[in-house]
Amino acid sequence: MSASAPITQDVHTIPRKLPEGPQNLIGMTREHMRNALIEVGTPEKQAKMRVGQIWQWIYQWGVRDFDAMTNLSKAFRADLGARFVIEVPEVVSKQVSKDGTRKWLVRIAGGHEVEVVYIPEEGRGTLCVSSQVGCTLTCSFCHTGTQKLVRNLTAAEIIGQVMMARDDLEEWPVPGARTGQPRLLSNIVLMGMGEPLYNFENVRDAMKIAMDEEGIQLSRRRITLSTSGVVPEIERTANEIGCQLAVSFHATTDEVRDTLVPINKRWNIETLLEALKVYPRGRNSERITFEYVMLDGVNDSDEDAYRLVELIKGIPAKINLIPFNEWPGAPYKRSSNNRIRRFGDIVNNAGYSSPVRKPRGEDIMAACGQLKSATERARKSRKQIAAEAGLSG
Ligand code: SAH
Ligand code: SF4
């Protein structure tokens, strides 16, 4: 298929601006917040400064209550309270793995639910954020891909996951104090549920908020977006977000990749590699991560390893080998440790770093590709909502 084919998506996003009722300040870009303040009567001359103040309360100090914003007048605080809310997704449940990994199920508008995972490591911690409820793509080894119900998350729901996690980690600094180092939540990976590049604008706006210097202040080098290969959106990722890129590569022939990552039928390996070859990088040292799930007898032979290094020649890359994480009814098995090691050695000898991703939180189904549980619950909630509204039957 041609790379210029239009992207069709049978998913919808809840509009950012709800027609009635208070608007959520979370998820708005600075510009959007400025317009919202002007619309409700803030003088244009003051609007930028007010945005700066509110922004700092919300994103630097984690404050959710207008009354606590003490550098704003009482009258202005009351105005804000009447017209806006500051809302993050609600935590439905939390599980903690024996390795310290945390998984939250959070509820968003419409009764939908998504999962968020926090992975603590030595001197750092990574939050794995979801960009969609479910995923329209159907990668055959991924649990999320078996979920039918799909909707795009809003920017508020995406950055809201980061804020919810900071709440639970108790990591908001005390106003006036210096921010602590190292951070518990120091990195973000867009590797949860969904294909981030099928929800580009919302993901971009949310990550801009995460990177804002007067807010959560995560460097663009600490944010990694993983895509299955939505080629037309790849260049925009560099230009409009500037974060690090990971690509779910997973196979070295179109025949195999077509079955594992079906989006390959639309943008095949050659088309994908072309886009990666010209991917603009902020610095020469920045490399693209090639994710490669190790599936026993499917994509893990020596030949695959040799083909892989041949294919990526000329692309500054690192290969992340991911031992397959099983889920109930999964049609694949994890490659043996010996096989993974041998594959990694071949890639490594060709000059590419090839770390093996350590499965984390497996006991709570929090590892890569295991996220799904929202489906059944979301369906139930829809039924419940219909019943409550007297629409059942
Ligand atoms: N939709 C995006 C990001 C989410 S998945 C993407 O596909 O890139 C994050 C990574 O986990 C991807 O590389 C994905 O292919 C991989 N993955 C999915 N299911 C997996 C499983 N069961 N075991 C190991 N990795 C898996
Ligand atoms: Fe979607 Fe990524 Fe899972 Fe494929 S691997 S189904 S793109 S979430």
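The values are calculated or read from the model by the stated rules, or taken from the named source; none is laboratory data. These numbers were taken from a predicted model, which means no experiment stands behind them. Every residue, glycine among them, receives a Cβ derived from its backbone with ideal geometry; neighbour counts consider all protein chains shown.
Does any residue of segment 234-241 turn out to be assigned to a helix (DSSP H, G or I) and acidic (D, E)? Yes, segment 234-241 has at least one match.
Taking first residues from segment 271-290 that are surrounded by 16 or more Cβ atoms within 10 Å (Cβ to Cβ) and partners that are of a type in the set (F, W, Y), the Cβ contacts under 7 Å between residues at least 6 apart in sequence or on separate chains come to I288/Y279; F290/F249. Of everything listed in (1) surrounded by 13 or more Cβ atoms within 10 Å (Cβ to Cβ); (2) touching a residue at least 12 places away in the same chain (Cβ under 8 Å); (3) in a helix (DSSP H, G or I), the single unmet condition for A82 is (1). Taking first residues from segment 325-342 that are within 18 Å of T138 (Cα to Cα) and assigned to a loop (DSSP other than H, G, I, E, B) and partners that are modelled with pLDDT of 90 or more and among the β-branched types (V, I, T), the Cβ contacts under 7 Å between residues at least 6 apart in sequence or on separate chains come to Y332/V298. Within segment 210-238, residues that are within 15 Å of V162 (Cα to Cα) have Cβ atoms under 7 Å from residues that are of a type in the set (F, W, Y) in these pairs: D212/Y59; G215/W55; G215/Y59; I216/Y59, counting only partners at least 6 apart in sequence or on another chain. Filtered by the rule that a residue be away from ligand 1 (no atom under 15 Å from the Cβ) and under 27 Å from the mean Cα position of the chain (by Cα), segment 327-353 gives G344, Y352, S353.
The condition (being within 14 Å of ligand 2 (Cβ to nearest atom), closer than 30 Å to D258 by Cβ and out of contact with any helix residue (DSSP H, G or I) (no Cβ under 8 Å at 6 or more places or on another chain)) is satisfied by just one residue among V231, V203, V189: V189. Tallying residues that are over 19 Å from G134 (Cα atoms) and either within 9 Å of ligand 1 (Cβ to nearest atom) or touching a Leu at 6+ places or on another chain (Cβ under 8 Å) (or both) within segment 208-233 yields 6. Quick one: would you say I346 is more than 18 Å from A246 (Cα to Cα), away from ligand 2 (no atom under 15 Å from the Cβ) and among the aliphatic types (A, V, I, L, M)? Considered against the rule, which asks whether it is more than 18 Å from A246 (Cα to Cα), away from ligand 2 (no atom under 15 Å from the Cβ) and among the aliphatic types (A, V, I, L, M), I346 comes out as yes.
To keep it simple, each residue is scored yes or no on (1) in a helix (DSSP H, G or I); (2) of a type in the set (F, W, Y); (3) at pLDDT 95 or above.
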| site | (1), (2), (3) |
| --- | --- |
| S93 | no, no, no |
| K98 | no, no, no |
| V114 | no, no, no |
| L137 | no, no, no |
| G145 | yes, no, no |
| E157 | yes, no, yes |
| M163 | yes, no, yes |
| R166 | yes, no, yes |
| W172 | no, yes, no |
